[in-house]
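Before any comments, here is the structure.
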Amino acid sequence: MVRISDLSPNWEALAFDLYQENEEKETVNVDDVTSDSETDSTEEIDAHALITTLYSDQRKTKSEEGKGTKNKQDYALLVNDLEKDFVKKKMKNYEKAITVEAKHKRQTQQEMNELQRDMKYQVQEEKADTESKIAMKKDAIQSSDASIQLYKDEQKGLQEKLRKLNEKQQDLAMK
């Protein structure tokens, strides 16, 4: 509960920022799925993430005590809903990252297959160069597999977090 005292009777507007304090910064590397570029974009969540800003002005504020105010349970439910939205957004980001990484893996696999087919018609010096390129493609495929697995593991953790938030919401609603 927030109480504001000694407010001038001539006040015009009031804003209240609600922040969530994260224990540490999190970064999620996600390829830019909105374009065909090969660059990475990094979404960084600040250690003090802004959840919402509540605004009020004299037109919306009534002086009647207790009318229209939310109790602690209502705010807890609001914060819980905001946390759920945040988790769902992160899950979508991981889903996009998995899609992009899988596409990159398929493309690399096709390039590797083309190199292997071309080796049939190459002389020995060309084959050595092509084998080196094939080895790099295999490494890139393994890296994609590792990234996809990491994203899937993160998604599982987020699904568990969402399940816990749903349980919390049910418990708060019963109070």
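The values are calculated or read from the model by the stated rules, or taken from the named source; none is laboratory data. Remember, predicted model here, so these are calculated numbers, not experimental data. Neighbour counts are summed over all protein chains in view; Cβ atoms, including those assigned to glycine, are modelled from backbone coordinates with ideal geometry. Just the protein is used for accessible areas: all its heavy atoms, side chains included, with ligands, DNA and RNA removed. Shrake-Rupley method; radii C 1.70, N 1.55, O 1.52, S 1.80 Å.
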Exercise. Relative contact order of segment 105-166: what whole-number percent is it, with Cα pairs under 8 angstrom and at least 6 residues apart?
Worked result: 39 percent
Exercise. Once amide H atoms are placed 1.01 Å from N in the peptide plane, what residues at a sequence separation of 5 or more from Thr52, or on another chain, have their amide H within under 5 Å of its amide H?
Worked result: Leu18
Exercise. Given the pairs Lys72/Lys161; Lys84/Lys105; Lys96/Lys137; Lys72/Lys92; Lys89/Lys138; Lys90/Lys164, which span a C-alpha to C-alpha distance of over 25 angstrom in this model?
Worked result: Lys84/Lys105; Lys72/Lys92; Lys89/Lys138
Exercise. Using the Karplus equation 6.51 cos²θ - 1.76 cosθ + 1.60 (θ = phi - 60°), what ³J(HN,Hα) coupling, rounded to whole Hz, does each residue of segment 150-161 give in order, writing x for Gly and Pro?
Worked result: 4, 4, 5, 5, 4, 4, 4, x, 5, 5, 5, 4
Seminar exercise, completed: With label points set 7 Å from each Cα along the Cα-to-Cβ direction at Lys161 and Lys92, the distance between them in nm comes to 1.6 nm
Problem set entry | Accessible-area ranking of Tyr94, Tyr75, largest first, probe 1.4 Å | Tyr75, Tyr94
